[in-house]
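Peer 1: Sharing a structure below in structure tokens format, with a few things to ask.
We did not get these values from a lab; they are worked out from the coordinates using the rules stated. If you're wondering where the values come from, they're calculated on a predicted model, not measured in any experiment. Here the Cβ is made from the backbone with ideal geometry for all residues, glycine too, and neighbour counts use every protein chain on show.
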Amino acid sequence: MEKISRALKNTLHRLPENKVLIIVGARRVGKTELIKHFIKEGTEQYLYMNGEDVNTAEILQNRSVKNYKRLLGDRRLLFLDEAQHVKDIGLILKLMIDEIEGLRIVVTGSSVFDLENKLGEPLTGRSITKHLFPISQLELNQDETTTETRANLSERLRFGSYPEVFQYASEQDKSEYLNNLVSSYLLRDILTFEGLRKPDKIVKLLRLIAYQIGQEVSLSELGNQLGIDNKTVERYLDLLTKVFVLKKVEAFSNNPRKEISKSSRWYFIDNGIRNALIANFNPLALRNDIGQLWENYLFTERLKMQEYTKMTVNNYFWRSYTQQEIDWIEERGGQIHAFEFKWKRKKRSKAPPLWQTLYPEASYQVVDQNNYLEFIT
């Protein structure tokens, strides 16, 4: 496949002067490649720095306008990759953006817990934050016909959509890449996080979550299986969210007497990562978890679409105490939209009776193989 044009490219083109664009996302989703491709296409003079390079940190530590003006020269576009590795980076960027007229700064990071601490308050009102995901179907639509998309669906349910996955022709190469990604890159931020004493528990926790896609997760049950307390489980899940491995969805409820209100479900940001953790890249015909693969895939692709189309929305799932449930609820524009995910629709489906009673004005739709592209693009 030709080089895929990323959805955030236009955001770089439209960045206003004296603003910082913060691009966050997991390792290897293409943040650096996005910047390099933008640089290659443009004609504007720029300065590129890598926060993981000790020389970068050393140069930036001289926190003076004179130093930064000398560093930039006539250039008014600065790229700083992996910015979380630079001490006091928020204060440094604030000084630059406030004192150097016409400057635009693009920073990337793969660790929200670092970036939140280092960029948050100093850049209030001065920054725009965007999330870069693995390749989305929205992006693939630029080069792929509908027939090709449907033919590739099985592979994406199994191997996910990390950019480098598309470069490998064989399934063995794809699985080897994903296994290496999990062990060498993806968990590096969290496994080296200060104070984390039991990294093996993180991997075991992820495997437990992998088998509970589409189900409510009990912290106490997870804690018992892992031999750790509930607060530690909660902390690990929070960290896994902040390094873009997992995403939490909470229950929707306006009637606590009839609906589950204090519960949550967890999904993986990419199917390939999920399958690597459970060591299962088998063809769909040999699997008993197609429903989970389908639900996780639709979840992540819908998130990507929401981000890239700037949709303002709150996402939930819904379940009643009588075991009636709906996979996906969106609250947007003052309206409630309900979606049920079905790999194969056996018959015409209706919303659960209690849902119809409680929310008669809400829309309801089943998302299956016939109409899923409308849902995710």
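Peer 1: In angstroms, what radius of gyration and Dmax does the stretch 223-263 have, counting Cα atoms only?
Peer 2: 13.4, 36
Peer 1: Averaging over every viewing direction, what projected area does the convex hull of the Cα atoms of the chain cover, in nm²? Please list the in-between numbers first.
Peer 2: Values: hull surface 82.3 nm².
Hull-based average projected area comes out at 20.6 nm².
Peer 1: Give a residue-ordered list of calculated ³J(HN,Hα) values for the stretch 270-286 (Karplus: 6.51 cos²θ - 1.76 cosθ + 1.60, θ = phi - 60°; whole Hz; x for Gly, Pro).
Peer 2: 8, 4, x, 5, 4, 6, 5, 5, 9, 6, 9, 10, 4, x, 4, 5, 9
Peer 1: Are there GluC sites (Glu not before Pro) in the stretch 251-331 that DSSP puts in a loop and that have at most 16 other Cβ atoms within 10 Å, and which ones?
Peer 2: Within the stretch 251-331, no GluC sites (Glu not before Pro) qualify (loop, at most 16 other Cβ atoms within 10 Å).
Peer 1: Next up: Looking only at the stretch 1-109, where both bridge partners belong to it, what percent of the DSSP beta bridges are antiparallel (to the nearest 5)?
Peer 2: On the way: 0 of 14 bridges.
The antiparallel fraction comes to roughly 0 percent.
Peer 1: Hey, what's the Kirkwood Rh for the stretch 256-342 if you take every pair of different alpha carbons, in angstrom?
Peer 2: Working: mean 1/r = 0.0677 Å⁻¹.
It works out to 14.8 Å.
Peer 1: FRET efficiency for Y46 and T312, Cβ-Cβ distance as r, R0 = 30 Å, nearest 0.05? Could the numbers behind the result be given before it?
Peer 2: Values: r = 32 Å, r/R0 = 1.07.
Computed FRET efficiency for Y46 and T312: 0.40.
Peer 1: Assigning unit charges at the beta carbon (Lys, Arg +1; Asp, Glu -1) and nothing else, what dipole magnitude in debye, to the nearest 20, does the stretch 9-131 show about its Cα centre? Could you put the intermediate results ahead of the total?
Peer 2: On the way: 20 positive and 17 negative charges, 50 e Å.
The calculation lands at about 240 debye.
Peer 1: While we're on this one: So if I take the centroid of the Cα atoms in the stretch 212-275 and the same for the stretch 1-39, what is the distance between those two points in Å?
Peer 2: Each part's Cα centre sits 30 Å from the other's.
Peer 1: Continuing with the same structure: As a check on your grasp of the helix formula, calculate [θ] at 222 nm for the chain: sum -39500 (n - 2.57) over DSSP H runs of n ≥ 4, divide by the residue count, round to the nearest 500. Each step should come with its number before you reach the end.
Peer 2: Values: 17 runs with 152 residues, N = 377.
My calculation for the chain gives -11500 deg cm²/dmol from helical runs alone.
Peer 1: Report the extension gain between R235 and N370 in nm, rounded to one decimal, defined as 0.36 nm multiplied by the number of residues separating them, less their alpha carbon distance. Mind showing how you got there, number by number?
Peer 2: Values: separation 135, 0.36 × 135 = 48.60 nm, distance 3.93 nm.
Gain on extension, R235 to N370, equals 44.7 nm.
Peer 1: Please give me, ordered by residue number, the trypsin sites (Lys or Arg not before Pro) of the stretch 1-69 that lie in loop per DSSP and have at most 14 other Cβ atoms within 10 Å. Mind showing how you got there, number by number?
Peer 2: Numbers: sites: K3, R6, K9, R14, K19, R27, R28, K31, K36, K40, R63, K66, K69; in loops: K3, R6, R14, R27, R28, R63.
In loop regions of the stretch 1-69 (DSSP not H, G, I, E or B), the sparsely surrounded trypsin sites (Lys or Arg not before Pro) are K3, R14, R63.
Peer 1: For the stretch 9-131, count the residues as N, evaluate 2.2 N^0.38 Å, and divide the Cα radius of gyration by that value, please.
Peer 2: Numbers: Rg = 13.1 Å, N = 123, 2.2 N^0.38 = 13.7 Å.
Normalised Rg, Cα atoms only: 0.95.
Peer 1: List every residue whose amide H lies under 5 Å from the amide H of V367, counting only residues 5 or more places away in sequence or on a different chain, with H placed 1.01 Å from N in the peptide plane.
Peer 2: Sorted by chain and number, the residues that satisfy this are E340, F341, K342.
Peer 1: Another one. Stick to Cα atoms and the Kirkwood definition of Rh, then tell me Rg/Rh for the stretch 137-308. Walk me through the numbers before you get to the answer.
Peer 2: Values: Rg = 17.0 Å, Rh = 17.3 Å.
With Rg and the Kirkwood Rh in hand, the quotient comes to 0.98.
Peer 1: Going by C-beta contacts inside 10 Å, put V112, V29 in order with the fewest on the left.
Peer 2: Details: V112 20, V29 26.
Listing V112, V29 from fewest to most nearby Cβ atoms yields V112, V29.
Peer 1: Ok, one more. Find, among the GluC sites (Glu not before Pro) in the stretch 58-136, those assigned to loop by DSSP (not H, G, I, E, B) with at most 15 other beta-carbon atoms within 10 angstrom. Could the numbers behind the result be given before it?
Peer 2: Details: sites: E58, E82, E99, E101, E116; in loops: E82, E101.
Those that pass, being in a loop and sparsely packed, are E101.
Peer 1: Taking θ as phi - 60°, what are the ³J(HN,Hα) couplings along the stretch 350-358 by the Karplus curve (6.51, -1.76, 1.60), each to the nearest whole Hz, with x for Gly and Pro?
Peer 2: Per-residue couplings from phi come out as 10, 5, x, x, 5, 4, 4, 6, 6 Hz.
Peer 1: List the residues of the stretch 256-281 whose backbone N lies under 20 Å from a point placed 7 Å from the Cα of S218 along the Cα-to-Cβ direction.
Peer 2: Flagged as within label range: 259-267.
Peer 1: Here's another thing I want to ask about it. Of the options P122, V86, V20, report the single residue whose Cα projects farthest towards the positive end of the charge dipole of the stretch 9-131 (beta-carbon charges: Lys, Arg +1; Asp, Glu -1).
Peer 2: Value: V20.
Peer 1: Right, next: Taking H placed 1.01 Å from N in the peptide plane, check which residues at least 5 places from M49 or on another chain put their amide H under 5 Å from its amide H.
Peer 2: When sequence neighbours closer than 5 places are left aside, the close amide H contacts are F79, L80, D81.
Peer 1: Follow-up. At a Förster radius of 41 Å, what calculated FRET efficiency corresponds to the Cβ-Cβ distance of S184 and N10, to the nearest 0.05? Walk me through the numbers before you get to the answer.
Peer 2: Details: r = 32 Å, r/R0 = 0.78.
Computed FRET efficiency for S184 and N10 comes out at 0.80.
Peer 1: Take the chain, mark every one of the chymotrypsin sites (Phe, Trp or Tyr not before Pro) that falls in a DSSP loop and has at most 13 other Cβ within 10 Å, then report the longest stretch left between them, sites excluded. Kindly include the intermediate steps, with their values, before the conclusion.
Peer 2: Values: sites that count: Y211, Y321.
The answer is 1-210.
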